[in-house]
Amino acid sequence: MDTYLGEFEHLVLLAVLRVGEDAYAVPVRAEIESRAGRTVSRGALYTTLDRLEQKGLLRSRLGDPLPERGGRARRYYSVSARGLAGLRAARESIDGLSAGVTLEPKRAPG
Amino acid sequence: MSDGGPPRLAEWLLRRLIRASPAADAVVGDLAEEHHAERRVRGRLGAAAWYWRQAAGVASRVLVARHRARRPAPSPFPIPGDSFMSGLWRDFRLAVRLLAHQRAFAGIIILTLAVGLAANATVIALIDGLVLRPFPLRDIDRLIQVYGAGPGTGLLANRSEISPADFVDFQRDSRAADLVALEWWDATVAGQSEPERLQGFRVSPAFFDALGVGVAAGRGFSADEGQVGRNRVAVISDALWHRRFAADPAIIGRTVNIEAEPYQIVGIAPPRFDYPYGSDVWSPLALTPEQLERRQSRYLSVIGRLRDGASAARAQAEVAATAARLAQQYPATNRGWGVNVMPLAESVVDLGAQGFLGVQQIATLLVLLLACANVANLLIVRAADRSKELALRVALGASRWRVIRLLAIESLALAIAGAAGAIPLTWAALQACRAAMPPTVARFVRGWDEVDVDLRVVAALAALAVVSTIFFGLLPALRASRMSLNDALKTGGRSSDSGKHRLRNAMVVVEVALALTLLVAAGLSVRGTMTVLFRDDGYDPEGVMTMRISLIGSQYETPEAQRAFFERLGEDARGAIGLDGVALANVAPGSPRNQSNGVEIEGHPVTDAAQRRSADIRRTTPGFLETLRIRLLDGRDFTTGDRPDTLPVALVSETMARRYWSGEDPVGRRFRIDGEQTWRTVVGVVRDVRHNWFFPDLAPTFYLPFAQSPASDMVLMLRGPGDPAPLAAAGRQLVWRRDAAQPVYEVRSLREVRSESAVGLRLAAGFMGVFGLVGLLLAAVGIYAIMAYAVRQRTHEIGVRLALGARPREVLATTLGRGLRLTAIGLVVGLAGAYALGSLMERTLFGSIRVDALTFVAFTAILAAAAIAASIVPARRALRVDPMIALRNQ
């Protein structure tokens, strides 16, 4: 695995996958907020999307201009093969490390 | 925002800030889309606020990310073949990075500069709004005001109004300017809702053309409407149109009742036009044949527009020639009367404002100088700390010029940041000024509404910032560049260069001197204002509520009716419970209104017109002296027995008695008001009441019993046992129970009247107080910084002294002694500066301010104490130096 995924990058890639076809920034952010239960600042999301695309983990294409956006197009994202590989590697390493570990709080001896 | 999209400015800013990002367009689009949804939930304003927040968040995030990804810091060394400009730019970026790493240091400097610059920008904004561009009129430099210049002396002697007959002659003879006349018109508009008292003016029909404003709707006045009987037409202000008539376009052509007469509204003035004095309604000035004969009563303001190619000097010459002819032709009324033509923009500036603002400007420049001295100090200290770095640069081949440039650019970066910080401070200061100015007074201050932080103010700020860079940046840079390479590298930053000490010492002296000047000026200003507000002006303003009633309607046209109304009102008020005193007078003491008249003293004829006597006139009911607690010094007060058919009597003030009956007892003597036949007998002498704080001399004043000299326009004064505020409602009820159609206005306690009359002084004192505190703080910080640095520099020496057995007290004395010596020199210089500024204030602020020794002594002591405190902390630290550590510290 040559690309290390940060935690937030990981979340963003998964959210893009979940949203599917219509994955532009607004629903991706909503997906993370509702599923992961944390608030996401728009600025952080945009810079992360940008970074992921530069690393080649995301691809993007432009949609059609829309009037409620002031005539601007949406930028739709999809996870590239490299991104999928990165996600798979991350899951494997987490699974591998999680195996046999109990996450219940340990009772103090005595 | 009207199209429902996001706030345009925010969107534009966002787009510009993140335009380098590849997804910029999509980001802006996303936010627009979300804004669209937010609008439904939050409403227009809420969504706009939401958008601003989000745009700021996104932009800062994107910018930070980009900055992090940026290439490393620019090289601090010259790159061969680099152009001059890009070299400058690199130095600038380097300076910003350097300062960003020293946040506390840079923060203090930027804050200091911001305060100094903001003080200046605030006063510049006031001067710009009040003096340079007092109101939004086209070609304001082509407009003139014509004043009469009377034979007297004093503040207003050459700013007299013009009599109707003189005006007609001036107007006819003038070729250089088209002159128009204005007369005050207290217009009460009635009908539809409660009666409202408006500021109105009767104006020559050509008024709107002469000012070049025209009307926004309807028409102006035609020439024939300047005739008696045809002038029942009016133009109303845009503000009144919105306020009272709900911006109904159908108002034009309708008839409203003004002063119980029907007026047809023919036009609406352009928005924001309210010349003069916040006027709401204008009607043609129609002079009756009798009025056109009058040269004695001067009550018209005359303004004019210069014709093409004509100069103000020519207009002055023409009008002066006419005035000279009139003086010969009508010596009884016109002898000694000339004219005074000045630009309108100059004439509308409040007489006090120029001096007031001039003093403020000097004070703010001192604040800026002080800030610069402080910053220079910090930079010198830092340059000493950086001596090794700079020496290394020189050693590696940097020229002296190159080092100066680097330091100068650092200073410029600081100044720019300071100027940016000054903008919100200036805005806040102007808001505070506005809040402090009561609207009743602001109305009379031309241009008050225009005062704001605009591009001109920002440009001035930028210019000041650059200039101050020279002040605070140049000296340290020159000094740093001249250091000896050898010394800098050899010693541990310990300097043997006594020149550096000299410069720092000079800075302490300058700071103390400037701070003392500011503090004393502030002290004088505050003391002067307190004196005006709280001195004994001959009457007791506590607990008295006043309100003005101007009878309107044909039923009150006769003196009998006026007398009957007000006497009954007085009786009603006296019958009301809970009042300690009730009186009526034509003028409330301390109010901006006044009435005066020429008088003739029996047995003391005056031959020369230039020595004509005049006095302020007060029409009062019995109980006036008691209600205002004005002392009767001699004779008797008015009684209910002074009736229209009994002997005409009067009371006179001490000053009138002294001036017009010098050496004699005035009681029993008689005088006569110019233009009247009746001789009035003086029955008593009362204490002087100071009406205008800004006139150094007390005006001669006489009092007439209201029953013998009724008027339609009176002030009801009610004294209660405690807070006068609740008396306002009671007074209104009393009036309206008699006649519900009469407006009651200028409802104010006597305290408020006095406080409003001195609002300029209060503002000045507020400004000066802030400047003084800032000065004190800056000086203390500056002294502390220098002393702390000096102690740090001498750590080694002190350690040696202590190790060799010096007693701590001696070490303390030498350390402290130096700071105090410098402080003492600064105080002496500062006393001279304070005396100079104090004298200037004494001259420009109408003597409300007196240079007094107490203030000087008190503030010298305060500043000395602050200086001692600021030096004692570092000096004590010197004592705690452990000799071992100090000696090892090499």
*What ranking do B:314-320, B:599-605, B:428-434, B:764-770 get when scored by the average of other Cβ atoms within 10 Å per residue, highest first?*
B:764-770, B:314-320, B:428-434, B:599-605
*Loop-only check: which trypsin sites (Lys or Arg not before Pro) in the range B:778-854 are DSSP coil with at most 14 other Cβ within 10 angstrom?*
B:Arg850
_Rg followed by Dmax, in Å, when the protein assembly as shown is reduced to its Cα trace_ = 38.1, 124
*Does anyone have the angle between helix B:498-534 and the longest principal axis of chain B? Alpha-carbon axes, 0 to 90°, nearest 10?*
20 degrees
*Sites B:Ala20 and B:Arg456, calculated FRET efficiency, Cβ-Cβ separation with R0 30 Å, nearest 0.05*: 0.40
_Antiparallel bridge percentage (DSSP; both residues within the range B:553-742; nearest 5)_ = 65 percent
*Vicinal HN-Hα couplings computed from phi for the range B:632-639 (Karplus, 6.51 cos²θ - 1.76 cosθ + 1.60; Hz; Gly/Pro x)*: 8, 8, 7, x, 10, 7, 5, 10
*Got a sec to turn the phi values of the range B:573-585 into Karplus ³J(HN,Hα) couplings, 6.51 cos²θ - 1.76 cosθ + 1.60 with θ = phi - 60°, whole Hz, x for Gly and Pro?*
5, 5, x, 6, 7, x, 10, 9, x, 9, 8, 10, 8
*When Lys and Arg each count +1 and Asp and Glu each count -1, what net charge do the other residues less than 14 Å away from B:Ile783, Cβ to Cβ, add up to?*
+2
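Taking every DSSP beta bridge that has both residues in the range B:140-347, what percent is antiparallel when rounded to the nearest 5?
80 percent
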*What is the set of long-range amide H partners of B:Phe221 at a cut-off below 5 Å, with H atoms built 1.01 Å from backbone N?*
B:Phe208
*asked:* Sort B:824-837, B:510-523 by packing, meaning the average of other beta carbons within 10 Å per residue, with the highest value first.
replied: B:510-523, B:824-837
*Cβ-based net charge around B:Glu225, under 12 Å, with every Lys or Arg adding one and every Asp or Glu removing one*: +3
*Calculate, in nm to one decimal, what B:Ala250 and B:Glu567 gain on full extension: separation in residues at 0.36 nm each, minus their alpha carbon distance.*
109.8 nm
*asked:* Helix B:84-100 against the longest principal axis of chain B: what's the angle in degrees, Cα atoms only, rounded to the nearest 10?
replied: 90 degrees
_For A:72-80, mean number of other protein chain Cβ atoms within 10 Å_ = 3
*Counting pairs of alpha carbon atoms under 8 Å apart in space and at least six apart in sequence, what relative contact order in percent does the range B:170-243 give?*
20 percent
*Ranked list, fewest to most other Cβ atoms within 10 Å of each Cβ, for A:Tyr46, B:Tyr556*: B:Tyr556, A:Tyr46
*Sort B:731-743, B:707-719 for me by packing, meaning the mean count of neighbouring Cβ atoms within 10 Å per residue, highest on top.*
B:707-719, B:731-743
*Taking each residue of A:48-54 in turn, how many C-beta atoms of other protein chains fall within 10 Å of its C-beta, and what is the average?*
3
*asked:* What do you get for trypsin sites (Lys or Arg not before Pro) in the range A:8-56 restricted to DSSP loop and a cutoff of at most 13 other Cβ within 10 Å of the site's Cβ?
replied: A:Arg38
*Hey, got the average number of other protein chain Cβ atoms within 10 angstrom for residues in B:18-31?*
6
*Residue exposure sequence - B:Met437, B:Met342 - by fewest surrounding Cβ within 10 Å*: B:Met342, B:Met437
*asked:* Can you give me the angle between helix A:7-19 and the longest principal axis of chain A, using Cα atoms only, in degrees from 0 to 90, rounded to the nearest 10?
replied: 60 degrees
*What is the fewest-to-most order of B:Val851, A:Val19 by other Cβ atoms lying within 10 Å of their Cβ?*
B:Val851, A:Val19
*chain B - percent relative contact order, Cα under 8 Å, separation 6 or more*: 15 percent
*Cα→Cβ-extended label distance, 7 Å offset, between B:Ala853 and B:Glu557, nm*: 6.7 nm
*Residue by residue through the range B:816-824, which ³J(HN,Hα) values in whole Hz follow from phi under the Karplus form 6.51 cos²θ - 1.76 cosθ + 1.60 (θ = phi - 60°), with glycine and proline marked x?*
5, x, 5, x, 6, 4, 4, 4, 4
_Charge tally in the Cβ shell below 12 Å around B:Ile404, where Lys, Arg are +1 and Asp, Glu are -1, B:Ile404 excluded_ = +4
*At most 15 other Cβ within 10 Å, DSSP loop - chymotrypsin sites (Phe, Trp or Tyr not before Pro), the range B:627-685*: B:Trp679
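The numbers here are math on the coordinates, done by the rules we state, and not lab data. This structure is a prediction, so every number in the text was calculated from the model and none was measured. Backbone-built Cβ (ideal geometry, glycine too); neighbour counts: all protein chains shown.
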